[in-house]
Each structure stands twice: as C-alpha cells, then as structure tokens.
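Participant: Quick one: this structure, given as structure tokens, is what I'll be asking you about.
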Amino acid sequence: MKNAISLGFKTEQLQIPIINIFPIKLIPKSIRISMKYRQISVSIKEVGLVEPLVVYPQKDTPGNYMLLDGHLRLEVLKTDGEDYAPCMIAKDDESFTYNKRISRLATIQEHYMILKAIKKGVPEQRIAKALGVNISRIRQKRNLLNGICDEAVDILKDRHFPGGTIYVIRKMKPIRQVEIAELMIAANNFSISYAKVSVLIKH
C-alpha cells in the first residue's frame, strides 16, 4: 500500500531489566517531592504502569537500551525496588521522533485505562486516588464514550481534550460527530468552546 504510515516503534512490549535501561537525561533528586512524581508513584502502586517506557536498543552493547520516554516512570520503578520495566522498542533513537508520533496518555486512552483497571477488579475509589481526582470524575471518565460513534472515537483517540468537548459532540448524530472531530483535528483545537462553534457550522 502506497503512502502507508509506518510505526515509530515495535508493537510488542518487552520486560527489560532496569539495570539495562540508560536515561538520556538526569532527573534531579528534588523531583521526588513534585506533584507529578507523587501522582505517577501513586498511580503505579494503585493501578500499575499504564504507559510502558520507550527505549532504543544500543547496537554496540547488546542487551542495553537507551531510554527515550518515561524518565519519571523509570525513577518511580527504581525507587519502588522493581527489577524489570515494561518497554516498547523504538525504531529510531531520537526521542523527539517518538514524541511527535505518539502523544501522552490521551483523553480516550485514559478512558480505556480506567475500563481496563475496573475490569481487573480495581475499585473506582483506588483509581480516583491514583489519578488524584474524586470518584465522580472517574465515573465521568468511565462513561466518556457513551453515545459517541466509533469513527469519531478513532479520529480523536490520540488527542488531549476536555471531557466537556465529548459532551458537546455527543448531542450530534454520528455523521456530525465525525465532521466535528475532523474540524477539530484540522484546526488543532479541541476546546469546549470550539466544539460548540463547530456544532453551529452548516455545510
């Protein structure tokens, strides 16, 4: 197939010894008192590691890997005394390439993570604690895609947007949901106000 988009990483995950993973930047010890570090730490303890690390194999030293993405997650795993980390193997050793192709935990990905945790039997209260939100927010995130067509979900699956944006789109029929999702992608604007304006656009 011509013009096919190739993935920037291998799809399978590997459990790699942490001693064989080498960061590309230093993490100051003071980071451990930051809110972000505490959130990641609690999340890993309560739910497990949601996003695997992204590493690149070192050709000169087989078995060793350069860490491209996940420095805080690796730091938390080290602090917790873990020996292995789940990793995805990048095909390119430039971290910006990975960051360009794969976004952070997107809104819909977070929804799927919550559903996965619930399916595993993790109580909603524990998930709320892990993510630093109240339980009503977890229930909103759990029900995020109710009434959203699959095509719109596919368009927005790797994007960050407020939960309220979905509530605006949900009021539309499937064909308009897709159109609004495409408009937001084209404008790179996923705000609630832009979604409301897009709803008013006539074709």
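The values are calculated or read from the model by the stated rules, or taken from the named source; none is laboratory data. Here the structure is a predicted model, which means the values were calculated and not measured. A quick note on method: Cβ atoms are made from the backbone with ideal geometry, for glycine too, and the neighbour counts reach across all protein chains shown.
Participant: Which condition number in (1) at pLDDT 85 or above; (2) touching an Asp or Glu at 6+ places or on another chain (Cβ under 6 Å) is the one that His111 fails?
Facilitator: (2)
Participant: Cβ-Cβ under 6 Å, sequence separation 6+ or interchain: first residue in the range 21-50 and not assigned by TED's automatic domain parsing to the domain that holds Glu75 and of a type in the set (Lys, Arg), partner in a strand (DSSP E or B) and modelled with pLDDT under 80. Which pairs?
Facilitator: none
Participant: Considering each of Ile135, Ile127, Ile201 in turn, give the residue that is under 26 Å from Val54 (Cα atoms), among the aliphatic types (A, V, I, L, M) and either at pLDDT below 85 or out of contact with any Lys or Arg (no Cβ under 8 Å at 6 or more places or on another chain) (or both).
Facilitator: The conditions single out Ile127.
Participant: Please find, within the range 33-87, the residue that is nearest to the chain's Cα centre (by Cα) out of those that are hydroxyl-bearing (Ser, Thr, Tyr) and not in a loop (DSSP other than H, G, I, E, B).
Facilitator: Ser43
Participant: Let me ask another. Collect the residues in the range 114-124 that are free of Cβ contacts under 8 Å to residues at least 40 places away in the same chain and within 22 Å of Lys36 (Cβ to Cβ), keeping them in residue-number order.
Facilitator: Ile114, the sole residue that qualifies.
Participant: Mind checking which residues of the range 52-63 are more than 9 Å from Ile89 (Cα to Cα) and either hydroxyl-bearing (Ser, Thr, Tyr) or surrounded by 17 or more Cβ atoms within 10 Å (Cβ to Cβ) (or both)?
Facilitator: Across the range 52-63, the qualifying residues are Pro52, Thr61.
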